[in-house]
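Written below as structure tokens is the structure these notes are about.
The values are calculated or read from the model by the stated rules, or taken from the named source; none is laboratory data. Just so it is clear, the structure is predicted and the values come from calculations on it, not from any experiment. Cβ: placed from backbone, ideal geometry, glycine included. Neighbour counts: every protein chain shown. All accessible areas refer to the heavy atoms of the entire protein, side chains included, with ligands and DNA or RNA removed. Shrake-Rupley method; radii C 1.70, N 1.55, O 1.52, S 1.80 Å.
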Amino acid sequence: MRRQLVHGAVSAMIAGAAVASLSGCSRSPSTASPAGTPATTVGMDASWAEGYNNLADLKAHSKLAVQGTFTRIIAQSSIKTIPVTDFEFTVDKVLHDPGHLVTAGAKLTVRQAGGTVDGVLHQIADDPLFKISENAVLFLKQPEPGLFYVVGGPSGRFEVANGKVSPFAPDGAKFSGPRQTSRRP
């Protein structure tokens with residue numbers, strides 16, 4: 001009987017450790033919640049219905065492509081049980097806008113899956129939350145007036161550093177050379 005209790009206790013401890021490790025929780029002092037305090041991070045998985053590895057497809061499926069900077073978090077909420085964060089994105093350059101939706105200087109609301117709930121940061125592993133002051137090129141859709149989201153998750157998101165545009169997704173579309181003011185992707 002005692003042997004069964006010990007075996008049961010050990011099994012429960014192993015199962016508990018396995019659940020904790022599979023949940024993707026980790027203490028990450030470099031990741032801060034909107035209030036600026038360190039948060040425990042929970043990784044979320046996403047299966048992208050759309051993924052793009054060339055600029056022509058990205059442009060064909062986007063209403064807008066812009067370069068700019070994330071300036072603040074507007075709000076955090078949940079859609080059903082999925083946390084979402086609305087970011088303010090200030091447009092520096094309009095790269096593709098066949099519908100004439102925005103001009104340079106516009107402030108867009110860009111929604112991304114993930115956010116802080118009860119002090120825990122939830123974010124998609126291959127599409128972590130945007131950072132304030134992050135400079136990016138984004139290919140966007142507009143599901144409703146005033147609200148945008150990135151087409152294809154990480155494949156529609158590009159990092160800009162020292163004038164060079166790089167795909168955020170490892171297999172994302174490539175820009176050739178540094179981003180020039182007069183060139184369009």
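Summary table
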| item | result |
| --- | --- |
| Distance (nanometres) between label positions extended 7 Å along Cα→Cβ at K141 and K93 | 2.6 |
| Solvent-accessible area, 1.4 Å probe, carbon plus sulfur percent, for the range 69-158 | 56 |
| Cα centroid separation - the range 110-159 against the range 49-74, whole Å | 10 |
| Square roots of five times the Cα gyration tensor eigenvalues for the range 35-147, Å | 25, 17, 12 |
| For the range 103-151: accessible area per residue (Å², 1.4 Å) | 44 |
| 12 Å cut-off, amide nitrogen to a point 7 angstrom out along R72 Cα→Cβ, residues in the range 110-138 | none |
| Label-point gap, in nm, between A125 and N54 - each point 7 angstrom along Cα→Cβ | 3.0 |
